[in-house]
1. Looking at the stretch 155-181, I want the residues that are acidic (Asp, Glu) and have a partner that is buried (at least 19 other Cβ atoms within 10 Å of the Cβ) with Cβ atoms under 6 Å, at least 6 apart or on another chain. Which pairs are those?
2. From (1) touching a residue at least 24 places away in the same chain (Cβ under 8 Å); (2) surrounded by fewer than 16 Cβ atoms within 10 Å (Cβ to Cβ); (3) more than 18 Å from SER35 (Cα to Cα), pick out the condition that doesn't hold for TYR327.
3. Taking the condition among the hydrophobic types (A, V, I, L, M, F, W, C) and closer than 23 Å to LEU42 by Cβ, does PHE454 pass?
4. In the stretch 359-375, how many are out of contact with any Asp or Glu (no Cβ under 6 Å at 6 or more places or on another chain) and within 19 Å of TYR305 (Cα to Cα)?
5. Residue pairs, Cβ under 8 Å, 6 or more apart or interchain, first in the stretch 660-682 and open to solvent by 70 Å² or more (accessible area, probe 1.4 Å), second outside any strand (DSSP E or B). List them.
6. Out of the residues in the stretch 189-202 that are open to solvent by less than 50 Å² (accessible area, probe 1.4 Å) and out of contact with any Phe, Trp or Tyr (no Cβ under 6 Å at 6 or more places or on another chain), which is nearest to ASP370 (Cα to Cα)?
7. In the stretch 35-52, how many residues are part of a loop (DSSP other than H, G, I, E, B) and not hydrophobic (A, V, I, L, M, F, W, C)?
8. Quick test for you: out of THR540, THR514, pick the one residue that is among the hydroxyl-bearing types (Ser, Thr, Tyr), touching a Ser or Thr at 6+ places or on another chain (Cβ under 6 Å) and free of Cβ contacts under 8 Å to residues at least 60 places away in the same chain.
Amino acid sequence: MKKYILLTGLLVIIHYTYGQSINDTVKLDEVIVSSNKIPIELKKNPGTISYVTPQTLAILPKTIGTDEALRLVPGVRVDNQHDGERIHLSIRGQGILTERGIRGIGIFLDGIPENDPSGFAPDMYDVDWASVRKVEVSRGPATGLYGSSGAGGVISIYTKNGGAKPIGGEVSQIAGTNCFTKTFIQLGGSKDHVNYRLAYSRTDGDGYRIHQAFWSNKFYEKLNFYPTKNLYITQIAAHTDYFQQNPEGLNLQQVAENPRQANPDAVPYNEYQKTNRNKFGLHAKYFLNKHHDFDVMGYLYSWRYKETSNKCAEYRDITNPGFMFQYNLHFETGSVRHSIGAGTDLKWQTIDMYKLQSAPDTSREDNKKDETNIETDSLLANQIINQQSMGLYVIYNLEFGKFTLIGNIRYDAIENKLTDKMMRGDTAVTSKNFYNTSSRIGISYNFFDELTVFVNWSQGFLPPSTEELASNPVGYSGFNTHLVPATANSIEVGARGFFGEKLYYGITGFDMKTKNDFFRFKQSGRGNQEVFYGNAGNSTRLGIETYISYHIIEQLNLRASYTYSDFKYISASIDPIYTDTAYVQTKPPEQGQYLPNSPKHQLYAEIVYTINKNFQVSFATQYQSEWAIYTDPDAYYDKLDPAVYQNWQKGFTLFHARASYHWKIRRLNGECSIFVRNLTDTQYIAFTEPDPDGNSYHPGPGREIFGSVKIRFD
């Protein structure tokens, strides 16, 4: 049975190639999801999962930001303070304090993980949202099946395949406010047992603020090969080149004077991040028979990274190989269907890193986009980080009529070693290793199509990430040896249902308790981009997540998501080092404080009206309530200078609108569209960070207008 479900899923995948017509819809009651590592129908899944459809992805304004694609996923917060591809991403509050990258959230692109052995994903630059056909988002530590990469959730992204004919393709051009442009070219097709797709894109933009420019070059090649009816092989090769200037945060006075200005240090030191990455992967599925199948994958990342700040220029050469193997057994006992999966995933990473002291260029012009910066010959750090992780897991899935059960147990071993080239002997090597066993069990009952209820209990494991370990507050080199892993226990209860093709809904309530939660702090004399991490004690997270898709009439569709979050720190003993003012510049949070960057209320709603087969219009609103900025209790409770520190950031409401025209001439079809973001030109703060100097504010862009032309052929 499971074999035929997989085969059906593969046929559905081939059907969704370069895009659907204006009236195409996905029948959510027939969708199969794979985030449990064993395929299961969405309506039966005993846990929280969101399915981002091709229709949702078809109306992205810029096709570059994760915030565009996940706008309707409850429980997820994406802060795009740079108006480009560099984002802050959290799920149920996991990952809210990361300075760079994504922690505790698994990111998978066509099955290949973007996360390193510690569970840290450096970015999402490899994803070209113009080529994505669907996304599955599992929320909460129910995804602990993925180890440290899934403590907060898992985002599985699947790109399009080639079309049914030998050759077809798409060319698109987007242009808009702040000198934004994106060119996208794609070719693909099928011949005999081979399906292929090649894509290239070039993106440029100045950003909303001074010194916020970005550009990217991306290439993605995907080859699906089916040599026999039982063997499926996918080969992927990709290259990503991404550059992002960093204007840094502003203080309250600077925001009031000019929200578009850069922090005074950003331009003279030419603060930026540069990523140049290559990726190669192979993924194979083999169905021995209806009872036995195998899943194997291998991949290799090789890349170079540079980041500049007002203190240093950091260079990294990174190699990151990985391997995954899983065996699945399917059988029946009477009317009960069983699936058992057992597997392992292995990851390695080597980072060759050094830091040179920065110096300012006081004559540098604001509008320059180059990569030149001044560095002295003062070597601040020279070190090698070696990491490896091993995960062993077992999954069990039982289906008996309308009842479904999924359980899993996983063991993780993560080893980190740093060798300081500037030291000798035993003092040159620092090691931090972490071991953990976690489990999960979930059940669901499908009363009828209109109502499925589920209950899920799970554990999460969140070790210090590579970035957190390498940010050492006692020196420019070495590990932060005081950090320990955070662990979580969570229970969630939810319901979902389908009323034909007219209405789909989902609602989930959860209670998550985390031990040794994280906070971030700074030290004087280390520059405004040097961020350090510590364990803040324990926290509790209560939340409600809802989603609805309703076809009011055949041509009129309403989609909306709402998230309620009540996340607080609770009392616990902490390492005394975090109260030592010689070690930390800011204090750890106290009992009762709300976690930062976690608004209680988030809402995104959009209504799409298909006027006829050619014209479509949509209108959307986006709302976030106020949120806390600081973890330091003095700043949190307004005990410091109110001209510098104001803990509660006012929320915002934005409105967006889109209109498109679809056309077809023989073998050509296409679309012309215009999108207006922030229709009312509202001034708002897109992102805040708990900066001890009060440079906490990242203003969001005003009204933006983007025009797009797409041409497809087959």
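The values are calculated or read from the model by the stated rules, or taken from the named source; none is laboratory data. Please read these numbers as outputs of a predicted model, since none were measured by experiment. Ideal geometry is used to build each Cβ from the backbone, glycine not excepted, and the neighbour counts take in all protein chains shown. For the accessible areas, the whole protein counts, side chains as well, though only heavy atoms, and no ligand, DNA or RNA atoms are used. Shrake-Rupley method; radii C 1.70, N 1.55, O 1.52, S 1.80 Å.
1. Close Cβ pairs satisfying both conditions: GLU170/TYR18; GLU170/GLN186; GLU170/ARG712.
2. TYR327 satisfies all of (1) touching a residue at least 24 places away in the same chain (Cβ under 8 Å); (2) surrounded by fewer than 16 Cβ atoms within 10 Å (Cβ to Cβ); (3) more than 18 Å from SER35 (Cα to Cα) except (3).
3. Details: among the hydrophobic types (A, V, I, L, M, F, W, C): yes; closer than 23 Å to LEU42 by Cβ: yes.
Considered against the rule, which asks whether it is among the hydrophobic types (A, V, I, L, M, F, W, C) and closer than 23 Å to LEU42 by Cβ, PHE454 comes out as yes.
4. Counting residues in the stretch 359-375 that are out of contact with any Asp or Glu (no Cβ under 6 Å at 6 or more places or on another chain) and within 19 Å of TYR305 (Cα to Cα) gives 6.
5. Pairs found: TYR661/ASN614; ARG667/ASP714; THR680/ARG703; ASP681/GLY702; ASP681/ARG703.
6. If we take residues in the stretch 189-202 being open to solvent by less than 50 Å² (accessible area, probe 1.4 Å) and out of contact with any Phe, Trp or Tyr (no Cβ under 6 Å at 6 or more places or on another chain), then ARG197 is nearest to ASP370 (Cα to Cα).
7. Of the residues in that region, 8 qualify.
8. None of the other options fit; the residue is THR514.
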